[in-house]
Amino acid sequence: MLRRQVKQSGDSSQPGAPRVIVVDDDPDAGRLLGALLRREGYEVAEIGDHQVVLVTLQNEPSPIAGVVVSCTAGGSAACLKLLDAVRHTPDRQVSDMALLLVLDDDQQHRFAWESGADAILTRPYHERELVDAVESMIGLGEEARVARRDHEIARLSETGDSSRTEASTAPTTASLFD
């Protein structure tokens, strides 16, 4: 179960708000992303370890709307490694999770879409791009997210471009949200 962060002044997340996990191996970057999303009304848990994310997703009894994977220190390779681990987890609750990847460069977009990313941003990005990408991603069901991936892969295949897309805009079972 995920522990709730203590609300800070100006935090507009409400009970019943969409629950999002922010994964970043840089604690300061993770807190910043969490604060941005909380300000937009999301309930956010920040996790810095890939294995904790997997265990959390497997054991969390309440629905998680999506995961934002932004590995500041580990870079795109760390984001793609977590994406692969999530997509290859036998538990459907985990493998079907909506994932937004924050990548270091445009060259990995096609590979990320093919590997199962549901949304992609490239550093640097604007705050509004992050919020819009999260809103768009969690607003789609699994079938719509797969269709979006297929569309992006086809578009990148047609153009021969692997870069930016139109849409690029010790584990515990205690809850981080509680």
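The values are calculated or read from the model by the stated rules, or taken from the named source; none is laboratory data. Small disclaimer: the values here were computed from a predicted structure and weren't measured. All Cβ positions, glycine included, derive from the backbone under ideal geometry; neighbour counts span all protein chains shown. Heavy atoms of the whole protein, side chains included, go into the accessibility calculation; ligands, DNA and RNA do not. Shrake-Rupley method; radii C 1.70, N 1.55, O 1.52, S 1.80 Å.
Here are the numbers:
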read-out	value
Residue list for the range 113-146, restricted to those being surrounded by 14 or more Cβ atoms within 10 Å (Cβ to Cβ) and more than 19 Å from residue 95 (Cβ to Cβ)	121, 122, 125, 129, 130, 131, 132, 133, 134, 135, 136
Meets criteria (basic (Lys, Arg), closer than 19 Å to residue 142 by Cβ and either over 13 Å from the mean Cα position of the chain (by Cα) or open to solvent by 20 Å² or more (accessible area, probe 1.4 Å) (or both)) for residue 110	no
Pair list, Cβ < 9 Å and 6+ apart or interchain, from the range 49-64 residues that are under 19 Å from residue 27 (Cβ atoms) to residues that are assigned to a helix (DSSP H, G or I) and open to solvent by 50 Å² or more (accessible area, probe 1.4 Å)	50/81
Number of the condition not met by residue 154 [criteria: (1) exposed (fewer than 14 other Cβ atoms within 10 Å of the Cβ); (2) within 29 Å of residue 39 (Cβ to Cβ); (3) modelled with pLDDT under 95]	(2)
Of residues in the range 116-151 being within 12 Å of the chain's Cα centre (by Cα) and of a type in the set (D, E, K, R), the one farthest from residue 44 (Cα to Cα)	118
